[in-house]
Amino acid sequence: MSPGPSLLVILACMREGGKASGFMASIGHGIGVSLYALASATGLGLLLLASPVALGVLQFLGACFLFYVGWKLFSSALRPASLDADTKALPLGHMFRDGFLIAIFNPKIAIFFLSVFSQFLSPGQSSLVHVQMALVAGTIDTLVYIGVVLLASSPVVNRLLIGPNRYRDLSIGSFLMVVSMGLVFKQLYS
């Protein structure tokens, strides 16, 4: 696992709402990964890759979502600390949604599963095998991110990652917004 938008979104959810929020974002991400895995196993992922318009729309929506997450982090870092203490965390359903959307808006996941699953697919394979492959992929993804949340919520790591750190949030938020704008420009000018 390499640090990327999914990891940053899950850590941002945990920062905003604690361990339970991180768990919900992890579960949402795992379900999103499962859907991509199922789509790849059943051949729908090939259709996505064959349609430049669909792929471009998905990538554009993903860039917009990254900008949204970056803006949330950036703007929260600009608020005075006293306001941060008074604000309430978003409901867990919002954290699930954020984890799910960061997975769904990342077509690289489909490409990854197409490359992995191509080794295990054969003509005439039952749909049950495809569902099992997708469930295994989603379960592994969920467990990895739950492990990240557990590690990040340990007292020492928690102080570094989750505690009030205006510069960290400004940096990560700015990074996500710059990356998202780069992705949009790439879509527009390629």
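The values are calculated or read from the model by the stated rules, or taken from the named source; none is laboratory data. Being a predicted model, the structure only gives us computed values, none of them experimental. All Cβ positions, glycine included, derive from the backbone under ideal geometry; neighbour counts span all protein chains shown. Accessible surface is based on the protein model in full, side chains and every heavy atom, while ligands, DNA and RNA are left aside. Shrake-Rupley method; radii C 1.70, N 1.55, O 1.52, S 1.80 Å.
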Residues of the stretch 104-138 being at pLDDT 80 or above, more than 20 Å from L55 (Cα to Cα) and not in a helix (DSSP H, G or I), in sequence order, are S126
Determine which member of the set S127, S153 is of a type in the set (S, T, Y) and out of contact with any Gly (no Cβ under 9 Å at 6 or more places or on another chain). S127
Check whether at least one residue in the stretch 25-42 is open to solvent by 30 Å² or more (accessible area, probe 1.4 Å) and modelled with pLDDT under 90, and report yes or no. yes
Scan the stretch 72-87 and report the pairs whose first residue is basic (K, R) and whose second residue is open to solvent by 70 Å² or more (accessible area, probe 1.4 Å) and at pLDDT below 75, with Cβ atoms within less than 9 Å and a gap of 6+ or a chain change. R79/T87
Please list, ordered by first then second residue, the pairs with beta carbon atoms under 8 Å, 6 or more apart or interchain, first in the stretch 1-28 and closer than 15 Å to V69 by Cα and of a type in the set (D, E, K, R), second at pLDDT 90 or above and open to solvent by less than 30 Å² (accessible area, probe 1.4 Å). E16/M95
